[in-house]
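This report refers to the structure that appears directly beneath it.
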Amino acid sequence: MLIRAGRAGDAARLSALALRSKAHWGYDEAFLEACRAELTLREDEIVARRTLVAERDGQPLGFVTVEGEPPQGELGMLFVEPAEIGRGLGRRLFSAALETARAAGFTRLTVEADPHAEGFYQAMGARRIGEAPSGSVPGRNLPLLAVEVA
C-alpha cells in the first residue's frame, strides 16, 4: 500500500471511487445523483485540495483532501473503496491527512461528515462542534466535527 500525492489524471477515478464509497451506505440513485457534483474532483483541483491517494498496484483504494489555508482548514473528502472499508485504510488516510496538515501549518481541521462516518471521525479524535448544511441536499444537515492538528 502506497499513499502518494494526487496527480494529473487522477480526478475521474477518484470521483468514481467517491460515489462508490458513498453508495456503500445504502443511499439510493436519486440521492447519489444529487451528491455527484459535490463528490466530483476536477483535474485542476487535485493539487490545490492537497489530495492524497492510497493505492495498491497502481489502483486507487481511497483518497483524502486537506483544504483551505492555515491555520484552520477542512478535511474535505475522505473516501475508501467499499471492499476496503473496515480494514484500516481510512485510519491511514486520516493520519496522512493530519501529517500533511501539520506540515502545511494547520492547527485545526473541520469535517462535514456523512452521518455514517461520524463515529469513525470521533474514534480518530475529532469532536462534534455542531451541524452544517449539506452542499448537495437542501434541508439536510451534516455533523460538523473538528480535530486539532498540532
Among the residues of the stretch 105-124, which ones are open to solvent by 50 Å² or more (accessible area, probe 1.4 Å), farther than 12 Å from residue 73 by Cβ and either part of a loop (DSSP other than H, G, I, E, B) or among the aromatic types (Phe, Trp, Tyr) (or both)?
-> 120
Out of the stretch 50-72, which residues are touching a strand residue (DSSP E or B) at 6+ places or on another chain (Cβ under 6 Å) and open to solvent by 10 Å² or more (accessible area, probe 1.4 Å)?
-> 50, 52, 55, 60, 61, 67, 68, 72
In the stretch 38-49, residues that are among the aliphatic types (A, V, I, L, M) and either in contact with a helix residue (DSSP H, G or I) (Cβ under 7 Å, 6 or more places away or on another chain) or crowded, with 17+ Cβ neighbours inside 10 Å (or both) total 3
State whether the residues of the stretch 86-104 include one that is open to solvent by 40 Å² or more (accessible area, probe 1.4 Å), in contact (Cβ under 8 Å) with a residue 60 or more places away in the chain and out of contact with any strand residue (DSSP E or B) (no Cβ under 6 Å at 6 or more places or on another chain).
-> yes
Exception for residue 82 within (1) of a type outside the set (A, V, I, L, M); (2) closer than 24 Å to residue 138 by Cβ; (3) in contact with a His (Cβ under 9 Å, 6 or more places away or on another chain) falls at (2)
Taking the stretch 125-149 as the search range and keeping residues that are surrounded by 15 or more Cβ atoms within 10 Å (Cβ to Cβ) and among the polar types (S, T, N, Q), which one is farthest from residue 75 (Cα to Cα)?
-> 136
Filter the stretch 8-37 down to residues that are assigned to a loop (DSSP other than H, G, I, E, B), on the phi < 0 side of the Ramachandran plot and at pLDDT 95 or above and give me whichever is surrounded by the most Cβ atoms within 10 Å (Cβ to Cβ).
-> 10
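The values are calculated or read from the model by the stated rules, or taken from the named source; none is laboratory data. In this text the structure is predicted, and so the values were computed from the model without any measurement. Cβ atoms come from the backbone with ideal geometry, glycine included; neighbour counts cover every protein chain shown. Surface accessibility is based on the protein's heavy atoms, side chains included, excluding ligands, DNA and RNA. Shrake-Rupley method; radii C 1.70, N 1.55, O 1.52, S 1.80 Å.
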